[in-house]
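Just below is one structure, and these are the notes that go with it.
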Amino acid sequence: MITRESRGTQPPTARATPAWQQALARAIADPETLATRLGLSPEALPGMQSAHRMFRTRIPESYLARIQPGDPQDPLLLQALPDAREALESPGFVSDPVGDHDALAAPGVVHKYHGRVLLLTTGACAIHCRYCFRREFDYADHNPARDDWGPALDYIAAHPDIREVILSGGDPLSLSDTRLARLAERLAGIPHVERLRIHTRLPVVLPERVDDRLLAWLGQGRLQHILVLHANHPRELSTPADAALERLRGTGITLLNQAVLLAGINDAAETLIELQEAGFRLGVMPYYLHQLDRTRGTAHFEVPDARARELYRALHARLPGYLVPRLAREIPGEPGKTLQAPSSAHD
Ligand SMILES: *Cc1c(COP(=O)(O)O)cnc(C)c1O
Ligand code: SF4
């Protein structure tokens, strides 16, 4: 069948690939280019290549621009640099550390906690964070978008206790605004759903994503929209991410940030304090500071519990209460994230 679209009767603006998708397509996708662009030692290349074969390299240009060339310890680089240590086995580090597979209630729907469900929207991300707990998750098997969200939406509609739907992934903002706006509209049609929360790293790592189309649907509709960003280091919030966050703020939606505590990246009190301060300047409130999920190949990122609590105490001592994120760890089978007390008899 010849569609209207293929005959070219759509206005050109409807068909043009959005700038953010073009930027995504241009992301660095191989270790050789990464090493060349940043002036990294060729000695590291074989290790980078073996890690790349397990979980592909992906770094958008705008994120690369925030990395200090020639510094192999740059805290932004370390989050996305494929590393030979990812091949190491460590006791307790497994492929599905948070038990997502056991909690699937319908295709792509994770219903673990009261009143809210997680909708796994897509496996795609703009950056491949090496510590990611979903690096081995099989999205092809659990993709709710496959059946046009039907079974996932039916499940939500059938459970009146669900007040909040959380779009997760992968990164939900990897989907087009047409699809997202349609999904938001259909969720808004379920009377007991009040809030749509989106867990996304895109505004931080690919600020081009925050364009007029995104702002248009985010800023409207019956549901309250909440964006939970993911930035781990204050420099991630520098230009051009700062302008993107200012634009999001202009829609009046709630902006929160969750970070993962990562060895060699943000396990210093100064860094964590500056992250909260930089976020607040842009209208972003802290949410969680996560202890690393023990995913296979990520042991070199782990910060010991005692050190985590020490850092947490430093945040309490030096920041106003509203700028202190909740230190949390996800333990499979628990009714919510397990909060870590700032002080403990075990210290
Ligand atoms: C983290 C998470 C949520 C959200 O928990 P909040 O404490 O509300 O942020 C919901 N469902 C699942 C499966 C989660 O992992
Ligand atoms: S953006 Fe989130 S889901 Fe995507 S790779 Fe990074 S941590 Fe994983």
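Bear in mind that the values in this text are calculations on the coordinates, not laboratory data. Since the structure is predicted, the reported quantities are computational estimates derived from the model, not experimental observations. FYI the Cβ positions are ideal-geometry reconstructions off the backbone, even for glycines, and counts take in every protein chain you see.
Of the beta bridges in the chain, as assigned by DSSP with both residues counted there, near 20 percent are antiparallel.
Can you work out the FRET efficiency for the pair R249 and E334, with r the C-beta to C-beta distance and R0 = 45 Å, to the nearest 0.05?
Once rounded, the FRET efficiency stands at 0.85.
For R163 and S176, the difference between the fully extended length at 0.36 nm per residue and the C-alpha to C-alpha distance is 2.2 nm.
Applying the Karplus relation 6.51 cos²θ - 1.76 cosθ + 1.60 with θ = phi - 60° to segment 286-297 yields 3J(HN,Hα) values of x, 10, 10, 10, 8, 6, 4, 6, 7, 8, 3, x Hz, where x marks Gly and Pro. The residue among A25, T36, L81 whose Cα reaches farthest toward the positive pole of the charge dipole of segment 20-87, with charges on the beta-carbon of Lys, Arg, Asp and Glu, is A25. Per the Kirkwood formula applied to alpha carbons, segment 20-87 shows a radius of gyration over Rh ratio, Rg over Rh, of 0.94. Placing unit charges on the Cβ atoms only, positive for Lys and Arg and negative for Asp and Glu, gives segment 101-339 a dipole magnitude near 300 debye about its Cα centre.
For a Förster distance of 22 Å, can you work out the FRET efficiency between the beta-carbons of F280 and Q224, rounded to the nearest 0.05? My answer for the efficiency is 0.60. Compared with the direct C-alpha span, the chain from E194 to M54 gains 46.5 nm at full extension, assuming 0.36 nm per residue. A simple spin-label model places the labels of A105 and R85 3.8 nm from each other, with each point 7 Å out along Cα-to-Cβ. Overall shape: prolate for segment 197-347, with the ratio a/c of the largest to smallest alpha carbon gyration tensor axis at 1.5 or above and a/b above b/c. What is the calculated FRET efficiency for D71 to D30, with r their C-beta to C-beta distance and R₀ = 22 Å, to the nearest 0.05? Result of the calculation: an efficiency of 0.60.
Placing unit charges on the Cβ atoms only, positive for Lys and Arg and negative for Asp and Glu, gives segment 161-209 a dipole magnitude near 40 debye about its Cα centre. Extension gain, D305 to D242, is 19.5 nm, computed as 0.36 nm per intervening residue step minus the present C-alpha separation. Treating each Cα of segment 50-200 as one equal point scatterer and applying the Debye formula with no solvent, the log10 of I(q)/I(0) at q = 0.09, 0.11, 0.12, 0.21 Å⁻¹ comes out as -0.35, -0.51, -0.59, -1.28.
Rounded, prolate or oblate: pick one for the chain, where a ≥ b ≥ c are the square roots of the eigenvalues of its C-alpha gyration tensor, a/c under 1.5 means rounded, and failing that, prolate if a/b is larger than b/c, else oblate.
rounded
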